[in-house]
Amino acid sequence: MDNIFRIDEKLYRAVYPPEVMDMFWKRDGSVSSAAFADRNGLSVDRGDYRPESEVIEYMSERFTGHIVSLYVKNCNDVGAVVKYSPSKSNVYHSEIHGSATNKLLSKTQRRHLAIKAKIVC
Amino acid sequence: MIIAKQMDIRSNIKDFFDKAYEGEDIVVPRKQGKNVVIISEDKYKSLNQNKHIEAYAGAIAKQYKESSSVVPMTDVKSDNLKKLKNIAELRENWNGNGAKPFSGSLIKKVRSLLEALPIQPEVFPTALQTIQLEFDNARHDHMEIEIDESDEADIFIVTYFGEETEETIHGDIKTISERVMKFYG
């Protein structure tokens, strides 16, 4: 894996906190844009074209809670930047930044990603 | 307004569609009064929007008329206050990425606001140590009000047509309540 993301690659976001699992869920069943606000960059796991069941299993080893998915295209459409940022414990770890120089997503970007996010589990 | 026969419309349909697109109302008289009007999509959406506004304004006015000066504790409000309590209990690193807990003063401020608001939002924490209130009206517009410990609040509105506005307003209960009513009115 490298820092190149194709538009059809999926990104998976764990929605915390696990102890209050519906914290970011709206009454209509969608996820709130508030779940996409993070000054440290939005942590995601890149899909790397793995089967979804494999992604869920891998993520579930590290946390309990909901997972939503997005396409890289959804980020590109609003100028958000996806960066590959593997860690020792997670080779798939990546981050979505608002721009090349600002990690925080703008309100427009957050809203767009919230609308596009699909609930995986 | 242009009145045109069905036959003329048929033979010059593009010209009439262009006129409708430019804002003209094309009335086509038909037998037994089964007339039709051709209008642009923009005008159609505008008419629908006005219909929603009138219906919603009527409902809000009725709600005000029927309520006393004290806003009743609705189920939604009760749920929101419970959720705020959950938010208040979030601990250091609650999002797994270093998010900090929420201050007592912010929780108190949002609680006062929820108790006063005539229309209840949906309430969400953010990892920015702010609390986001979300409103969706009958016109399918969306409004987010982000509250922090300062005297100000950030408002973000996206209309059904995708037009966005962002502004900072005073964060007091009266100003925010007025903005909420304006959004629904």
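B:Gln132 satisfies every condition listed in (1) in contact (Cβ under 8 Å) with a residue 12 or more places away in the chain; (2) part of a loop (DSSP other than H, G, I, E, B) except (2).
Looking only at residues of segment B:137-185 that are among the polar types (S, T, N, Q) and in a loop (DSSP other than H, G, I, E, B), we find that the one that is nearest to A:Ser106 (Cα to Cα) is B:Thr159. Only one of the numbered conditions (1) under 12 Å from A:Ala14 (Cβ atoms); (2) modelled with pLDDT of 95 or more is violated by A:Lys107, and that is (1). Could you tell me whether any residue of segment B:151-165 is modelled with pLDDT under 95 and over 17 Å from the mean Cα position of the chain (by Cα)? Yes; the residues of segment B:151-165 include at least one that is modelled with pLDDT under 95 and over 17 Å from the mean Cα position of the chain (by Cα). If you go through segment B:19-28 and keep only what is surrounded by fewer than 16 Cβ atoms within 10 Å (Cβ to Cβ), of a type outside the set (Ser, Thr, Tyr) and closer than 10 Å to B:Ser40 by Cβ, you end up with B:Glu22, B:Gly23, B:Asp25. Taking strands (runs of 3 or more DSSP E) as the structural unit, those lying wholly within segment A:1-82 and holding at least 1 residues that are among the charged types (D, E, K, R) and within 15 Å of the chain's Cα centre (by Cα) correspond to A:10-15, A:42-46.
Table: residues versus (1) modelled with pLDDT of 95 or more; (2) touching a Cys at 6+ places or on another chain (Cβ under 6 Å).
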site	(1), (2)
A:Glu54	yes, no
A:Thr64	no, no
A:Ile67	no, yes
A:Leu70	yes, no
A:Cys75	yes, no
A:Gly79	yes, no
A:Tyr84	yes, no
A:Ser87	no, no
A:Val91	yes, no
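Matching residues to (1) touching a strand residue (DSSP E or B) at 6+ places or on another chain (Cβ under 9 Å); (2) within 14 Å of chain B (Cβ to nearest Cβ):
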position: A:Asn40; (1), (2): yes, yes
position: A:Gly47; (1), (2): yes, no
position: A:Ser53; (1), (2): no, no
position: A:Ile56; (1), (2): yes, no
position: A:Phe63; (1), (2): yes, yes
position: A:His66; (1), (2): yes, yes
position: A:Leu70; (1), (2): yes, no
position: A:Asn74; (1), (2): yes, no
position: A:Ala80; (1), (2): yes, no
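Would you check if there is a residue in segment B:111-121 being in contact with a Phe, Trp or Tyr (Cβ under 9 Å, 6 or more places away or on another chain), surrounded by 14 or more Cβ atoms within 10 Å (Cβ to Cβ) and among the aliphatic types (A, V, I, L, M)? Yes; the residues of segment B:111-121 include at least one that is in contact with a Phe, Trp or Tyr (Cβ under 9 Å, 6 or more places away or on another chain), surrounded by 14 or more Cβ atoms within 10 Å (Cβ to Cβ) and among the aliphatic types (A, V, I, L, M). Beta carbons closer than 7 Å, at least 6 apart along the sequence or on distinct chains, pair a first residue in segment A:96-109 that is assigned to a helix (DSSP H, G or I) with a second that is at pLDDT 95 or above for A:Lys107/B:Glu144; A:Lys107/B:Phe156; A:Lys107/B:Glu166; A:Thr108/A:Val78; A:Thr108/B:Glu164; A:Gln109/A:Val78; A:Gln109/A:Ala80; A:Gln109/A:Gly98.
The values are calculated or read from the model by the stated rules, or taken from the named source; none is laboratory data. Values in this document were obtained by computation on a predicted structure and should not be read as measured data. FYI the Cβ positions are ideal-geometry reconstructions off the backbone, even for glycines, and counts take in every protein chain you see.
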